[in-house]
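*Asks:* To start, I am sharing the structure in question, which I have written as structure tokens.
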Amino acid sequence: MKKLSLFTICLIILIGSWVFLEFVVGGIISVPIPNSVIAMYMGLIVIAILVHISVEDSQFREFLRPIHETLVDDRRRTHRRVLVVLIPLFLLGYTYAIIAQRANPPGSPRDAHPSPPLELTYKDEVIGTMQDVVNPFRHYEKDDPEAFKAHVENGKRVYHQNCFYCHGDHLDGQGHFAPYLQPLPANFQDPGIIPNFQESFFFWRIAKGGPGLPAAGTPWDSAMPIWEDHLTKDEIWDVILFLSEYTGYQFRTFGEAH
Amino acid sequence: MKIRTIAFLLILFGTLAVFSLTYAQNAPEASERGKEVYENSCAHCHGIEGRGDGSAAENLLPKPRDFTRGLYKIRSTEAGQLPTDQDLFDIITVGMPGSSMPEWETALSTEERWQVVAYIKTFYEGFKENENPPKQITLEGKISYAEQSVEIGKELYVELGCVECHGNVGRGDGTSAPTLTDSWGFQTWPANLTQGWNYRGGADTEDIFKRFIGGIAGSPMPAFEGDSFLNFGLTAEESKRLIELENRDEMTEAEEEESGKFYEKMDTAVDIALSIKEGAEMSAAEMQTYNDAMKVVYEKSWHLANYVKSLMPEKRPEPAIGNNVLRSQYVQGTLPAIDDAVWETFEAGYFPLVGQVVIEPRQFNPTIDGVHVKSFYSDTEVAFLFVWDDRTHTTGDEIDEATGKPLEDALAVQFPVKVPQGPTAPKPYFLGGGRLPVYLWHWKASTPEQVTELTAKGINNAEAQEAQGELQVQSTYIDGQYKLWVKRALKTEDKKDLQLEPGVFVPIAFSAWDGSNGDVDTKRTMTSWYTFTLEPVPSSRRFVYPPIIAILSVGLLFGLRAFVQRRNTEDV
């Protein structure tokens, strides 16, 4: 087999990296990468190639040789003719596509877990500071397993009368209303949710819902209801017990690393 | 190399075989594990004792299945038979679309699903008493989908009275639709056949076929049970002729006699079918009559299934989210009226609706699936066409007891009063609450040519604007589908109105009320915020710059060549 020229190798590396980022990582592994990040990676690769070929003079000349030949060598006349048609055609199409592109709506950056207020309240009643409040029924887990079970059972009832439409039967955020809400309902099976928060944080989110979020959480988009209007304090604590019992995840307690 | 390939194939097939063995086995003996799974995952809907009365059931319709009566909707078995274990396993695995019955493939292992099948069978004695396995429907003789079959199916659809429940084009808007109850006494709606994604038992032609032959137990939907439904015993021509005769105002004596003969023939066939069901011995001639009659029934059912299949799009439309926003198209001059054919020429933006479950009174069981929206604008005006399916035309004759307000069909379109500038600028709240007010168009079925402009600061806090703008409105209700057409000036004098401009992305949301489903006030269906824009007329620069760049590039290439050539000669 003929040895590939340095130029072709560089071209293959470039196209290969792009295909890898766009289709393998973005498509098959399905971690879509924003275009700006792809552009950055591609820039880095181009720089690396330039550094590599310009280290030695001979290397650089070797790199330029095919370009040079295509431009002037008589044996490459057909190549030349094809390219002089293809390159302008490509640019024509590309610039047209860019100019005629439809404008798309701006994305909405959203902090899914903004800082909570310092004080935890239910309606207007102050329960305590966000840091210190603990679930009043949590201690039954050790002290009185029967009572604990009753609270979890009640939490399960509350959940299935109020929450599963959005958060799903499996607590995975896939309720039958969920696909049509933006942002999506929280997925409690995600290992990054329950273990990262104190129970008081969840109490706050459940009691105040979407509208209780600070501006960074774009409260105007969230469909999460204000549950203090419908549920008692005890019911909210019970449903929190149910969330951790069903998923098997432990809430963070104060003092643990975030 | 070869040995390795063979070894690989052996391992592959071995694994597959083991998998399919575990899959094909029937439900194991009921076990503690099945009970545990049931109580953890199912009891809050289906009840601890399987009566369909779990704590969540209160809010749900259709109700979770009561397992104590042995009535199952989705079966591969003939009418009146129990489902197979595999039927139960399958429905638990995939769930029942259009109801709250979820899929369990993600949450339960294959084994756990088999265990729970065994457990729910213990709620009904019939499963134990029946030694004979249930009789399964054969799919042999399938008539594949073809124009001609669809045509025959369409005739049968009218002949057999499907229209009375499912309506002329299948939107579930037949005259009997609002009157139906299921075997448990709860209200039930005929399926909207144009929405395959909401079929409980799947929308493949085979699935639909099985529903006709096996029936949907517990539902008023008629099924073939060896009775006169599907005119059992008559050939296709005979049954057509019979229906033709019955539709006459008067019959001559000869015709009376003819139709009488048909009835006799059907009675004979039904009698034979009943005897066979009871296990009686039949003569060869009787068996022949029965088999011929069955063949016709199967053929008819395939044609029907093909027709039903033709009523639905291939899949549920994609919601208009992300970059797929609702774009209003520019036209010069007057905007198209409601009945203009141009509306049919492009795809609508689809906005699926969900029940409003946030504020009392709540709607847990929505009957309106979604709104389809199209729009055009000109230099001065914008026109919208909103289309949505609703099984009944309800105009407020009935009063809701809880609120004292009339129950009627309605649609509301919600915009912010001012378009938020930039992605992080506050929008009005979801449901219109919060600091920023929303601007609403409210249409009601009782005043079909009128849209009221409202300003709202919350879902319960909307007021009609004092200055009602010049909105032009037209609407129709045909075959279970509303069409509403609204036209407004892009710019108005009123400060409380939204002002529109091409190229600006405007938040938009919808609410819909189905009066016959008890929708009133906050009991309704709704969407969260979506985006709408007047698509700017494409810039004419797109014809100028690209040729310039192309020509420049040609020049550049030639220049480069000249440069290289000169260098070469210099080098030499």
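The values are calculated or read from the model by the stated rules, or taken from the named source; none is laboratory data. Not measured: the values here are computed from a predicted model. Backbone-built Cβ (ideal geometry, glycine too); neighbour counts: all protein chains shown.
*Asks:* Here is a list of conditions, (1) charged (D, E, K, R); (2) surrounded by fewer than 20 Cβ atoms within 10 Å (Cβ to Cβ); (3) more than 14 Å from chain A (Cβ to nearest Cβ), and B:ARG65 meets all of them except one; can you say which number that is?
*Replies:* (2)
*Asks:* May I pose another question? Is it fair to say A:SER200 is farther than 15 Å from A:ILE127 by Cα and of a type in the set (S, T, N, Q)? I'd like the intermediate steps shown before the answer.
*Replies:* Numbers: farther than 15 Å from A:ILE127 by Cα: no; of a type in the set (S, T, N, Q): yes.
So A:SER200 does not fit the description; no.
*Asks:* Here are some conditions: (1) assigned by TED's automatic domain parsing to the domain that holds B:ARG211; (2) of a type in the set (Asp, Glu); (3) crowded, with 19+ Cβ neighbours inside 10 Å. B:GLU164 meets all but one. Which one does it not meet?
*Replies:* All conditions are met except number (3).
*Asks:* Could you check segment B:102-117 and list, in sequence order, the residues that are at the interface with chain A (Cβ under 9 Å from one of its Cβ atoms) and surrounded by 21 or more Cβ atoms within 10 Å (Cβ to Cβ)?
*Replies:* Residues satisfying the conditions are B:PRO102, B:TRP104.
*Asks:* Hey, another quick one. Would you point out the residue of segment A:41-82, among those that are under 26 Å from A:PHE20 (Cβ atoms) and within 14 Å of another protein chain (Cβ to nearest Cβ), that is surrounded by the most Cβ atoms within 10 Å (Cβ to Cβ)? First the steps, then the outcome.
*Replies:* Going through segment A:41-82, the residues under 26 Å from A:PHE20 (Cβ atoms) turn out to be A:41-55, A:59, A:62-63, A:66-67.
Next, from what is left, pick out any that are within 14 Å of another protein chain (Cβ to nearest Cβ): A:66-67.
Details: A:PRO66: 17, A:ILE67: 13.
If we take residues in segment A:41-82 being under 26 Å from A:PHE20 (Cβ atoms) and within 14 Å of another protein chain (Cβ to nearest Cβ), then A:PRO66 is surrounded by the most Cβ atoms within 10 Å (Cβ to Cβ).
*Asks:* Okay, moving on. Quick test for you: out of A:HIS151, A:HIS160, pick the one residue that is at the interface with chain B (Cβ under 8 Å from one of its Cβ atoms), crowded, with 21+ Cβ neighbours inside 10 Å and outside any loop (DSSP other than H, G, I, E, B). Before the answer, list the steps.
*Replies:* Numbers: A:HIS151 fails: at the interface with chain B (Cβ under 8 Å from one of its Cβ atoms).
It is A:HIS160.
*Asks:* For segment A:89-121, enumerate the residues that are away from every other protein chain (no Cβ under 14 Å) and closer than 22 Å to A:PRO185 by Cα. Talk me through it step by step, then tell me what you get.
*Replies:* If we filter segment A:89-121 for residues that are away from every other protein chain (no Cβ under 14 Å), which is where we start, we get A:112-113, A:115-121.
Across segment A:89-121, the qualifying residues are A:ALA112, A:HIS113, A:SER115, A:PRO116, A:PRO117.
*Asks:* Which one of these is within 30 Å of B:SER539 (Cβ to Cβ), touching a helix residue (DSSP H, G or I) at 6+ places or on another chain (Cβ under 6 Å) and touching a residue at least 40 places away in the same chain (Cβ under 8 Å): B:PRO336, B:PRO352? Steps first, answer last, please.
*Replies:* On the way: B:PRO352 fails: within 30 Å of B:SER539 (Cβ to Cβ).
Just one listed residue meets the conditions, B:PRO336.
*Asks:* May I pose another question? Which helices (runs of 4 or more DSSP H) does segment B:144-240 wholly contain that include 3 or more residues that are of a type in the set (A, V, I, L, M)? It would help to see each step written out before you state the result.
*Replies:* Numbers: elements: B:147-159, B:162-166, B:205-214.
Qualifying helices (runs of 4 or more DSSP H): B:147-159.
*Asks:* Still on this structure, I have one more. Tell me, which strands (runs of 3 or more DSSP E) wholly within segment B:476-552 include 3 or more residues that are more than 14 Å from every other protein chain (Cβ to nearest Cβ) and closer than 30 Å to B:PRO366 by Cβ? First the steps, then the outcome.
*Replies:* Details: elements: B:481-489, B:505-513, B:530-534.
It comes to B:481-489.
*Asks:* Of all residues in segment B:440-475, which are in contact with a Gly (Cβ under 9 Å, 6 or more places away or on another chain) and either crowded, with 17+ Cβ neighbours inside 10 Å or part of a strand (DSSP E or B) (or both)?
*Replies:* If the condition is that a residue be in contact with a Gly (Cβ under 9 Å, 6 or more places away or on another chain) and either crowded, with 17+ Cβ neighbours inside 10 Å or part of a strand (DSSP E or B) (or both), then B:LEU440, B:LYS444, B:ALA445, B:GLU453, B:ALA456, B:LYS457, B:ILE459, B:ALA462 are the ones that fit.
*Asks:* Follow-up. In segment B:343-357, what residues are farther than 22 Å from B:MET312 by Cα and in contact with a strand residue (DSSP E or B) (Cβ under 9 Å, 6 or more places away or on another chain)?
*Replies:* Our first condition is that a residue be farther than 22 Å from B:MET312 by Cα; within segment B:343-357, this holds for B:355-357.
Once the filter is applied, which keeps residues that are farther than 22 Å from B:MET312 by Cα and in contact with a strand residue (DSSP E or B) (Cβ under 9 Å, 6 or more places away or on another chain), segment B:343-357 yields B:GLY355, B:GLN356.
*Asks:* Out of all the residues in segment B:320-349, which are within 10 Å of chain A (Cβ to nearest Cβ) and part of a strand (DSSP E or B)? Break it down into steps so the answer makes sense when it comes.
*Replies:* Pass one, segment B:320-349, residues within 10 Å of chain A (Cβ to nearest Cβ): B:321-325, B:327.
The one that is within 10 Å of chain A (Cβ to nearest Cβ) and part of a strand (DSSP E or B): B:ARG327.
*Asks:* Further question on the same structure: Name the residues in segment A:172-190 that are within 18 Å of B:LEU60 (Cβ to Cβ) and more than 9 Å from chain B (Cβ to nearest Cβ), would you?
*Replies:* Step one: of segment A:172-190, the residues within 18 Å of B:LEU60 (Cβ to Cβ) are A:174-178.
None; the set is empty.
*Asks:* Would you confirm whether or not segment A:218-228 contains a residue that is more than 14 Å from chain B (Cβ to nearest Cβ), within 18 Å of A:LYS123 (Cα to Cα) and assigned to a helix (DSSP H, G or I)?
*Replies:* Narrowing segment A:218-228 to residues more than 14 Å from chain B (Cβ to nearest Cβ): none.
No, segment A:218-228 contains no residue that is more than 14 Å from chain B (Cβ to nearest Cβ), within 18 Å of A:LYS123 (Cα to Cα) and assigned to a helix (DSSP H, G or I).
*Asks:* Could I ask something else about it? Is it the case that segment B:227-236 has a residue that's in contact (Cβ under 8 Å) with a residue 12 or more places away in the chain, on the phi < 0 side of the Ramachandran plot and under 27 Å from the mean Cα position of the chain (by Cα)?
*Replies:* First, the residues of segment B:227-236 that are in contact (Cβ under 8 Å) with a residue 12 or more places away in the chain: B:227-236.
Subset that is on the phi < 0 side of the Ramachandran plot: B:227-229, B:232, B:234-236.
So of that shortlist, the ones also under 27 Å from the mean Cα position of the chain (by Cα) come out as B:229.
So far as segment B:227-236 goes, yes, one or more of its residues are in contact (Cβ under 8 Å) with a residue 12 or more places away in the chain, on the phi < 0 side of the Ramachandran plot and under 27 Å from the mean Cα position of the chain (by Cα).
*Asks:* Let me ask something else. So, in segment A:129-157, exactly how many residues are within 33 Å of the chain's Cα centre (by Cα) and under 25 Å from A:PHE254 (Cβ atoms)?
*Replies:* The qualifying residues number 10.
*Asks:* Oh, and also: Listed residues B:GLY167, B:GLY196, B:GLY214, B:GLY153; which is touching a residue at least 40 places away in the same chain (Cβ under 8 Å) and on the phi > 0 side of the Ramachandran plot?
*Replies:* Exactly one of B:GLY167, B:GLY196, B:GLY214, B:GLY153 is touching a residue at least 40 places away in the same chain (Cβ under 8 Å) and on the phi > 0 side of the Ramachandran plot, namely B:GLY167.
*Asks:* Take the conditions of a type outside the set (Val, Ile, Thr) and exposed (fewer than 13 other Cβ atoms within 10 Å of the Cβ) and apply them to A:LEU91. Does it pass? Can you show your working first?
*Replies:* Numbers: of a type outside the set (Val, Ile, Thr): yes; exposed (fewer than 13 other Cβ atoms within 10 Å of the Cβ): no.
Taking the combined requirement at face value, the residue does not satisfy it.
*Asks:* Related question: Which residue out of A:ILE38, A:ILE53 is at pLDDT below 85, part of a helix (DSSP H, G or I) and of a type outside the set (D, E, K, R)?
*Replies:* Numbers: A:ILE53 fails: at pLDDT below 85.
After applying the criteria, what remains is A:ILE38.
*Asks:* For residues that are among the β-branched types (Val, Ile, Thr), in contact (Cβ under 8 Å) with a residue 40 or more places away in the chain and within 12 Å of chain A (Cβ to nearest Cβ), tally how many sit in segment B:355-378. Walk me through how you get there before you give the answer.
*Replies:* Of the residues in segment B:355-378, the ones among the β-branched types (Val, Ile, Thr) are B:357-359, B:367-368, B:371, B:373.
Those left that are additionally in contact (Cβ under 8 Å) with a residue 40 or more places away in the chain: B:358-359, B:367-368, B:371, B:373.
Those left that are additionally within 12 Å of chain A (Cβ to nearest Cβ): B:358-359, B:371.
Final tally of qualifying residues: 3.
*Asks:* Scanning for something of a type in the set (S, T, N, Q), at pLDDT 90 or above and surrounded by fewer than 17 Cβ atoms within 10 Å (Cβ to Cβ), does segment B:336-356 turn up at least one residue?
*Replies:* Within segment B:336-356 (the criterion being of a type in the set (S, T, N, Q), at pLDDT 90 or above and surrounded by fewer than 17 Cβ atoms within 10 Å (Cβ to Cβ)), the answer is no, since none of the residues qualifies.
*Asks:* Of the conditions (1) in a helix (DSSP H, G or I); (2) in the same structural domain as A:LEU184 (by TED's automatic domain parsing); (3) hydrophobic (A, V, I, L, M, F, W, C), A:LEU91 fails just one. Which one is it?
*Replies:* So A:LEU91 meets the others, but not (2).
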